[in-house]
1. Under a crude label model (7 Å from the Cα following the beta-carbon direction), how far is Leu121 from Glu5 in nanometres?
2. Scan around Glu87 for amide H atoms under 5 Å from its own, H built in the peptide plane at 1.01 Å from N, and keep only partners 5 or more places away or cross-chain.
3. Largest first, what is the accessible-area ranking of Glu120, Glu87 with a 1.4 Å probe?
4. For the chain, give the magnitude of the charge dipole about the Cα centre (Cβ charges: +1 Lys/Arg, -1 Asp/Glu; no others), in debye to the nearest 20.
5. Which of the chymotrypsin sites (Phe, Trp or Tyr not before Pro) across region 66-124 are loop residues per DSSP, with 16 or fewer other Cβ within 10 Å?
6. If you average 1/r over all unlike Cα pairs in region 47-136 and invert the result, what Kirkwood radius do you get in angstrom?
7. What do you get for Rg/Rh over region 22-92 if you use C-alpha atoms and the Kirkwood form of Rh?
8. Viscosity 1.306 mPa s, temperature 10 °C: Stokes-Einstein D of the chain from its Kirkwood Cα radius, in µm² per second?
Amino acid sequence: MITIEQVTSADVPQTRDFVLQARAALFPKLSASGMPADLAHFEQTYLQGEGCFLIARQRGRIVASIGYVPYDHRCAQLDYRGLNVVEVVRLFVLPQCRRSGVARALYDALEARAVEAAVELMYLHTHPFLPGAIEFWRRQGFTVTDVEDDPLWQTTHMQCRLP
């Protein structure tokens, strides 16, 4: 049985550890760059700010995570001015729990919270080297808006308008 929960202050250390370990496994080169600002300031970003962070637990253990933060307009090729936009971040699922529906359930719960917060558009970026990522997001209703020509990352920008 998997449960989905919004992170509380008590969950922050365990959640941060889960995300950092999952991030290091998928992006080993990034783990040397230090702790990302959203994780360093987790409570301010996700609990006190306009972000949202959810975890999935199985027998008390975190097995997956997802969050959103207000979009920061850092990508010049994306014009979201005048829209309430959030960026989906930190979707990580333990390998043994993949293809079980947990990512879909987490995203559905996150989207419901975004709709409650009057978010108009959800943005994310992913990479083709992450197995199944682009296809997963397409199944959730996201469309590709841009693919960067960087030969290493090929960052793929995607968006989904909310009702």
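1. Simple spin-label model gives 3.5 nm for this pair.
2. Sorted by chain and number, the residues that satisfy this are Val69, Tyr71, Tyr123.
3. Order by accessible area, largest first: Glu120, Glu87.
4. Working: 16 positive and 18 negative charges, 140 e Å.
So the magnitude is around 680 debye.
5. Values: sites: Tyr68, Tyr71, Tyr80, Phe92, Tyr107, Tyr123; in loops: Tyr71, Tyr80.
Qualifying residues, ordered by number: Tyr80.
6. Numbers: mean 1/r = 0.0706 Å⁻¹.
Evaluated on region 47-136, it is 14.2 Å.
7. On the way: Rg = 14.0 Å, Rh = 13.8 Å.
Rg/Rh for region 22-92 comes to 1.01.
8. Numbers: Rh = 16.3 Å.
Rounded, D is 98 µm²/s.
The values are calculated or read from the model by the stated rules, or taken from the named source; none is laboratory data. Note that this is a predicted model, so its numbers are computed, not measured. Backbone-built Cβ (ideal geometry, glycine too); neighbour counts: all protein chains shown. Accessible surface is based on the protein model in full, side chains and every heavy atom, while ligands, DNA and RNA are left aside. Shrake-Rupley method; radii C 1.70, N 1.55, O 1.52, S 1.80 Å.
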